[in-house]
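Trainee: My questions will all concern the structure given below.
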Ligand code: DX5
Ligand code: ZN
């Protein structure tokens, strides 16, 4: 299977957002990665539901929504109504993660669970069979443009082993510091999907950059 590419709009030009969305629509990208930050779970605030709704009106590819917010259950229905297709919550932000995952599924979305760099794969042992995607953070969440944490490769190996042991089917997505160099090694380690923000939108030819990531 070819690598799934999910450009993160956090690095897009918000004054010309439509142009960047059209670029992604017409590129080899598979999803739109939308980063929702509440200033509590992470030390930054990004954008919220009104913008997600507007994006969903012109996006021609699924919305891969990454919630970096505390108590995400409060907003699951709202993110469905705003057009989300994949809804990913943080393990560290959910006291009743199983209930949260059920809630996401009951709203007809794919459910993802994200782990911070310090959170071990082992915490997924009793939830992996119930989810569609694991989003491994390869930077500390909150900001684009940070450098990649090398331990991520070893975490992918551990996650692959857990998925095989449980005989289940889960997409492994990696978020943070992805470029052609880290992306190649991530795909070799077993990543199915790559998020890329600054590497795509700061490049001189974003369409070409997406195509190059897709070829990894
Ligand atoms: C970080 C976000 C990422 C971010 C990635 O908290 O979850 O999705 O946009 O940005 P880059 O690709 O620049 O590391
Ligand atoms: Zn993200």
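Computed from the coordinates by the stated procedures, all read-outs in this text should not be read as laboratory data. Since the structure is predicted, the reported quantities are computational estimates derived from the model, not experimental observations. For neighbour counting, all protein chains shown are included, and Cβ atoms are generated from backbone atoms with ideal geometry for every residue, glycine included.
Trainee: Can you tell me the mean projection area, over all orientations, of the convex hull of the chain's alpha carbons? Units nm², please.
Mentor: Approximately 10.6 nm², given one-decimal rounding.
Trainee: At what distance in angstrom do the alpha carbon centres of region 74-97 and region 173-216 lie from each other?
Mentor: 25
Trainee: So for 90, 105, fewest C-beta neighbours within 10 Å to most, what's the order?
Mentor: 105, 90
Trainee: What ranking do 168, 119, 204, 100 get, fewest neighbouring Cβ atoms within 10 angstrom at the top?
Mentor: The fewest-first ordering by Cβ neighbours comes to 204, 168, 119, 100.
Trainee: Under 10 Å, Cα contacts only: if you run a Gaussian network model on the chain, which one of 44, 205, 140 comes out with the highest mean-square fluctuation?
Mentor: 205
Trainee: Remind me, relative contact order of region 4-214 in percent, using alpha carbon pairs under 8 angstrom and six or more residues apart?
Mentor: Relative CO of region 4-214 lands at 22 percent.
Trainee: How would you rank 32, 14, 79, going from fewest to most other Cβ atoms within 10 Å of each one's own Cβ?
Mentor: 14, 79, 32
Trainee: Kindly state, to the nearest 0.05, the FRET efficiency for residue 166 paired with residue 13, given R0 = 35 Å and r defined as their beta-carbon distance.
Mentor: Once rounded, the FRET efficiency stands at 0.25.
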